[in-house]
Amino acid sequence: MHSKYTGFKLRRLAVSGISFTFKLFMLVLFLFPFYWMIVTSFKTYGGSIVFPPTLLPHTFTLEAFEQVFTRLNLWNYLKNSVIVTVAVIVIQTLIGVPAAYAFSRYSFKGRGIMLALVMAAFMVPTQITFITVYIMMSKLRWLNTLLPQIVPFGASAYGIFLLRQAFMQVPTDIIEAARLDNAGEIKIMTRIMLPAAKSSLMTVTLFSFVGSWNSYFWPLVMSNAEKVRPLTLAIERLKDQDAGINWPVIMAGNMIMVLPVLLIFLLMSNKIISSMGYRGIK
Amino acid sequence: MPYVMVAPAMTFLLVFTFYPLANLVYLSFFRYNLISDKVFIGLTNYRNLLFVKKDFIQALKNTALYSFAVVFFTILLAILFALWLEKDSKINRFLQKSMFTPYLIAMVSTAYIWSWMFDVDSGLLNAALAFVKLSPLRWLNDSSLAIWCIVIVSVWKSLGYYLLIVLASLKSIPSEIIEAAELDNTPWLRKFFRIILPMISPQIFFLLITITISSFKVFDSVRVMTNGGPGNATDVLVTYIHRYAFQMNMRVGYASAAGSLLLGILMILTVFYFRFAGRRVHYQ
Amino acid sequence: MKKLFVVLLMGALLVSAQGLVFAEAVGVTEPITITFWHARGSTVDAEWLANSINKFNATNTLGITVEGVYQGYFSDVQAKTLASIAAGDPPTIAEISCTAIPVLATQDLLVDLTPYVERDGFDMDNIVEAVSDYIYYDGQIITMPYTRGTAIMYYNKDMYAEVGLDRAPTTLEELNHYAKLIYENSDGAVKGIGYTIEANYYQHYLVQSLNGMGILDADGSGASCLEDGSLLQFLTDWFEWTEEGWCAVPALSSASSVVQENFNNKSLAAFVSSSNRATTISNNAKANGINLGMAFTVGYGGYSAPIGGGSLGIINRGNTDQEIAAAWEFMKFLMTDEQVAGNHVATGVLPATYSSIETDIIQECWAENEGYKLSYEQLDFASEIRFSPYVSEWSSIVKSAMSQLIQGRNITPEEVVQNLKDEAAALF
């Protein structure tokens with residue numbers, strides 16, 4: 001009896017040991033690339049190409065960052081990224097919330113078709129629509145502005161869909177009660193619906209943020225001038241055509257781009273994870 | 001009132017999503033480079049795409065292989081990890097967070113970091129291989145390996161997110177059902193296939209569709225890591241369309257034909273999923 | 001028939017009338033800002049260009065401000081320029097590659113500079129003849145040479161001397177022989193030679209040494225290298241060289257900088273690259289203590305070399321007469337002896353005018369550095385790919401095919417040639 005118990009315990013210990021080791025391995029697998037980016041950015045060019053590579057910089061230097069700042073007008077790119085991202089989030093919210101509310105609380109003619117269109121739009125990648133949109137933008141003479149990176153994303157099908165799902169879970173009596181109190185639609189939306197759908201809203205916002213901050217294909221196609229390009233396109237500019245790929249410089253540029261996102265995540269990771277997981281999709 | 005509320009959203013979707021789709025198909029019947037006048041050439045673009053030139057078929061094959069691999073491995077690993085990390089503990093939560101981090105980072109950044117690790121001469125992976133006395137690999141320079149490198153990066157980047165979704169759906173399974181199964185001493189595998197999998201099938205189905213679509217539109221990682229090479233070993237549909245539309249003398253008509261085919265493929269796949277997989281999905 | 005003639009005549013009249021409208025040189029009357037798109041991204045290039053622009057902006061008396069925009073590689077400049085023309089918002093002036101000039105010219109997108117050249121008495125005979133092919137099209141002057149280049153063989157003198165070659169090779173056969181020796185003597189640690197894939201540049205001259213015209217026919221609308229066996233022979237050889245190991249397989253991305261990296265860390269004894277990179281390469285070699293030799297490039301049986309690089313063109317759509325006139329002033333400034341000579345010395349691009357060669361700047365540089373002079377001397381036998389609207393697409397098709405063979409290595413040279421025949425059928 002006694003030996004059986006210890007055997008069982010040992011086995012469990014072994015299993016959890018293996019499991020723990022494997023978990024550590026996974027941690028390394030997922031975090032190490034970031035570590036490698038950070039470490040590389042503080043290396044000298046010579047230090048980055050020694051073989052075998054060193055886990056810590058031989059000589060710690062800020063040279064790479066200096067190069068990033070001297071070779072790029074970083075503020076320009078940063079500013080564009082910020083403007084585009086903020087604008088997209090604001091417009092998407094202003095347009096998406098009423099639409100989601102209407103879809104969730106009203107039955108009207110054409111609702112089914114429109115909802116189907118929203119769902120269909122959710123599945124159409126921008127990589128298919130870009131040719132026509134490019135032609136439209138060029139006819140509007142917008143290609144030297146930030147508008148082509150903002151306006152086409154005015155309505156987020158995903159956001160509308162997700163918010164609608166969240167709004168639908170708000171009990172009808174609350175809304176009815178509010179209506180009896182003579183609350184207007186806008187008031188119902190802002191005072192009742194939005195607070196109730198807070199975590200969905202956060203998910204949508206986060207997705208919009210990540211989506212536009214990180215977007216690469218769209219600005220690549222839709223920008224003709226450096227003054228309207230975002231950070232994602234700036235890193236390419238750090239590749240010197242001839243002088244060898246200077247990985248520390250590229251990683252330094254990369255770090256500047258990744259840092260804001262990482263910081264936000266570090267600050268709000270619990271909230272993000274929970275809203276992402278639990279409201280991500282239902 | 002509801003019309004006023006949905007009007008802006010619908011306008012945006014019509015102008016920037018549905019009109020471009022229709023126009024794409026329309027343009028595919030023309031020879032057009034944005035500067036010249038449009039010349040109607042019927043199905044010539046399609047004929048060139050499918051039967052004359054070989055590069056489109058290659059891009060199509062690459063995309064299909066890539067998508068299949070990404071869909072398969074992402075879903076499989078997401079389920080396995082979810083089961084493994086289901087228990088609420090500190091390390092599990094930390095691991096979930098760590099795995100989720102790459103999802104928030106731009107694919108461009110991810111691609112640069114991994115290109116650096118894949119670097120043949122001074123990259124980390126070859127150093128690791130050398131450390132365990134294996135001969136170095138050519139990674140992105142190797143035509144049969146390159147596409148797998150891109151698959152790895154994609155799975156690495158998005159696994160954490162899909163893991164969270166699967167985890168959430170696992171947690172939404174009513175505990176009575178699991179407890180009942182445990183009381184019955186149902187074997188683990190059977191418990192998984194008979195109870196857990198059906199219960200989370202709506203989410204898995206959703207993943208199937210989203211990951212398929214996002215795989216078919218892969219671009220950023222390919223452009224940064226290989227730019228379609230070596231040769232056209234990693235050329236995918238979107239890099240192909242982009243190349244013909246914006247390089248190569250801007251053959252917009254031809255690129256539109258390629259885009260229309262991509263659209264067609266996505267539609268067929270979606271219908272297929274709903275027809276065949278959708279039926280098996282168990283809705284609570 | 002008669003009707004057709006009338007129609008043609010009318011057409012011709014219309015065209016010439018339109019030409020007349022454009023063919024008027026105007027002066028810049030008020031302060032104006034113009035944009036210049038270019039591909040000068042390497043550190044020395046960017047520095048020199050920034051100097052040029054600053055100097056022009058500070059010294060011109062017409063109030064012209066030039067804004068330089070780096071657009072990436074030549075192919076990016078080409079793509080972006082075309083896209084922006086379509087969008088109606090092009091740059092005023094751009095640095096365009098030899099492959100892009102025909103694409104723009106045949107669609108009538110470049111300003112005919114003739115009236116300006118005539119008005120200002122700009123001496124066209126002063127332009128070095130070897131780089132003047134892409135200046136003229138259809139009786140018009142459409143570009144000015146700016147960053148024209150030729151290929152140079154950069155080699156590690158010590159490494160080649162060690163295996164018994166104490167001068168530059170004169171034929172491909174000789175080069176290959178010693179390249180192989182270097183590889184064998186180092187037990188495979190050092191590759192003898194490496195080429196990056198630029199089908200219309202480095203590979204063009206190698207094929208040209210076999211068939212006399214390279215990857216595109218003399219009339220610019222066919223590729224007989226596919227039929228006469230020359231391309232197959234070259235591809236088979238090149239594949240073989242890389243298979244044997246002494247010829248480096250180019251890296252997939254940033255190949256040109258990887259080659260330089262390998263040269264600098266002494267795992268590569270020689271490579272072919274553009275003269276436009278001479279300064280960068282010399283600086284790096286010096287920093288790494290390498291005894292750098294610069295030599296004529298060699299093809300089968302003797303010297304063979306390409307001409308390529310970029311020229312300045314003014315876009316005629318979406319630009320006002322004032323902008324065009326301002327761009328011409330900037331162009332003229334870049335063609336002054338001081339600028340041409342300085343450009344050559346600072347970066348390595350070919351000096352494009354005879355008078356610039358007489359300047360002290362160039363003479364002093366050449367006295368000190370044989371390599372720069374050599375690039376100019378090489379023009380005696382160097383030739384460029386034919387002016388053809390197909391150049392751009394055909395080179396990119398051939399490039400991709402070569403990449404598949406040399407980098408991908410999952411296809412035979414015969415299959416590559418067969419695929420190219422299919423592509424040629426769809427293109428020409």
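The values are calculated or read from the model by the stated rules, or taken from the named source; none is laboratory data. These figures come from a predicted structure and were not determined experimentally. Cβ: placed from backbone, ideal geometry, glycine included. Neighbour counts: every protein chain shown.
Observations on the model:
- With respect to the conditions (1) at pLDDT 90 or above; (2) farther than 30 Å from A:SER19 by Cβ; (3) surrounded by fewer than 21 Cβ atoms within 10 Å (Cβ to Cβ), B:LEU77 falls short on a single one, namely (2).
- Region B:196-211 residues that are at negative phi, paired with ones that are of a type in the set (Phe, Trp, Tyr) (beta carbon under 6 Å, 6 or more apart): B:PRO202/B:TYR283; B:LEU207/B:TYR162; B:ILE209/B:TYR273
- The test for being more than 7 Å from every other protein chain (Cβ to nearest Cβ), in contact with a strand residue (DSSP E or B) (Cβ under 6 Å, 6 or more places away or on another chain) and of a type outside the set (Ser, Thr, Tyr) does not hold for B:GLY228.
- Any hit, region A:35-47, residues being exposed (fewer than 14 other Cβ atoms within 10 Å of the Cβ) and closer than 16 Å to B:TRP114 by Cα: yes
- Among the residues of region C:391-408, those identified as in contact (Cβ under 8 Å) with a residue 24 or more places away in the chain and over 16 Å from C:LEU216 (Cα atoms) are C:SER403, C:LEU405, C:ILE406, C:GLN407.
- Taking region C:196-315 as the region of interest, the strands (runs of 3 or more DSSP E) fully inside it that hold 3 or more residues being within 16 Å of the chain's Cα centre (by Cα), modelled with pLDDT of 90 or more and surrounded by 18 or more Cβ atoms within 10 Å (Cβ to Cβ) are C:270-274, C:305-314.
- Selection status of B:THR11, within 30 Å of A:VAL97 (Cα to Cα) and either within 14 Å of chain C (Cβ to nearest Cβ) or modelled with pLDDT of 90 or more (or both): yes
- Any hit, region C:52-67, residues being touching a His at 6+ places or on another chain (Cβ under 6 Å), more than 8 Å from every other protein chain (Cβ to nearest Cβ) and at pLDDT 95 or above: no
- Checking each residue in region C:155-202 for being in contact (Cβ under 8 Å) with a residue 12 or more places away in the chain, in contact with a Pro (Cβ under 9 Å, 6 or more places away or on another chain) and of a type outside the set (Gly, Ala, Ser) picks out C:TYR155, C:TYR160, C:LEU175, C:ASN176, C:TYR178, C:TYR195, C:THR196, C:ILE197, C:GLU198, C:ASN200, C:TYR201, C:TYR202.
- Condition check for B:SER122: among the polar types (S, T, N, Q), at the interface with chain A (Cβ under 8 Å from one of its Cβ atoms) and surrounded by 15 or more Cβ atoms within 10 Å (Cβ to Cβ): yes
- Taking first residues from region A:252-266 that are more than 8 Å from every other protein chain (Cβ to nearest Cβ) and partners that are in a helix (DSSP H, G or I) and among the hydroxyl-bearing types (Ser, Thr, Tyr), the Cβ contacts under 8 Å between residues at least 6 apart in sequence or on separate chains come to A:ALA252/A:SER41; A:MET255/A:SER41.
- Scan of region B:28-44 for residues that are within 14 Å of chain C (Cβ to nearest Cβ) and at pLDDT 95 or above, ordered by number: none
- From the list A:LYS198, A:LYS187, the lone residue that is farther than 30 Å from A:LYS139 by Cβ and out of contact with any helix residue (DSSP H, G or I) (no Cβ under 8 Å at 6 or more places or on another chain) is A:LYS198.
- With respect to the conditions (1) within 11 Å of another protein chain (Cβ to nearest Cβ); (2) under 30 Å from A:SER223 (Cβ atoms), A:LEU55 falls short on a single one, namely (2).
- Candidates A:LEU13, A:LEU31, filtered to the one that is exposed (fewer than 14 other Cβ atoms within 10 Å of the Cβ) and either among the basic types (Lys, Arg) or without any contact (Cβ under 8 Å) to a residue 24 or more places away in the chain (or both): A:LEU13
- Output for region C:23-48, where each listed residue is surrounded by 16 or more Cβ atoms within 10 Å (Cβ to Cβ), under 20 Å from A:ASN224 (Cα atoms) and out of contact with any Leu (no Cβ under 9 Å at 6 or more places or on another chain): C:ILE34, C:THR35, C:TRP37, C:ALA39, C:GLY41, C:ALA46
- Subset of region C:166-199 (residues that are more than 25 Å from C:ASN265 (Cα to Cα) and touching a strand residue (DSSP E or B) at 6+ places or on another chain (Cβ under 7 Å)): C:THR170, C:THR171
- B:LEU125 touching a helix residue (DSSP H, G or I) at 6+ places or on another chain (Cβ under 7 Å), touching a residue at least 12 places away in the same chain (Cβ under 8 Å), under 30 Å from A:PRO248 (Cβ atoms) and assigned to a loop (DSSP other than H, G, I, E, B): no
- When we screen B:SER89, B:SER109 for residues that are without any contact (Cβ under 8 Å) to a residue 60 or more places away in the chain and crowded, with 21+ Cβ neighbours inside 10 Å, the only hit is B:SER109.
Rundown of residues vs (1) closer than 27 Å to C:SER396 by Cβ; (2) at pLDDT 95 or above; (3) surrounded by 18 or more Cβ atoms within 10 Å (Cβ to Cβ), yes/no style:
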residue: B:ASN227; (1), (2), (3): yes, no, no
residue: B:ASP235; (1), (2), (3): yes, no, yes
residue: B:HIS242; (1), (2), (3): yes, no, yes
residue: B:ILE268; (1), (2), (3): no, no, no
residue: B:ARG275; (1), (2), (3): no, no, no
residue: B:GLY278; (1), (2), (3): no, no, no
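- So C:TYR136, is it within 18 Å of the chain's Cα centre (by Cα) and surrounded by fewer than 20 Cβ atoms within 10 Å (Cβ to Cβ): yes
- Enumeration of residues in region A:89-123 that are closer than 24 Å to B:ILE211 by Cα, surrounded by fewer than 19 Cβ atoms within 10 Å (Cβ to Cβ) and either more than 9 Å from chain B (Cβ to nearest Cβ) or not aliphatic (A, V, I, L, M) (or both): A:LEU115, A:ALA116, A:MET119
- Residue identified as facing another protein chain (nearest Cβ under 7 Å) and either at pLDDT 90 or above or at positive phi (or both) among A:PHE217, A:PHE209: A:PHE217
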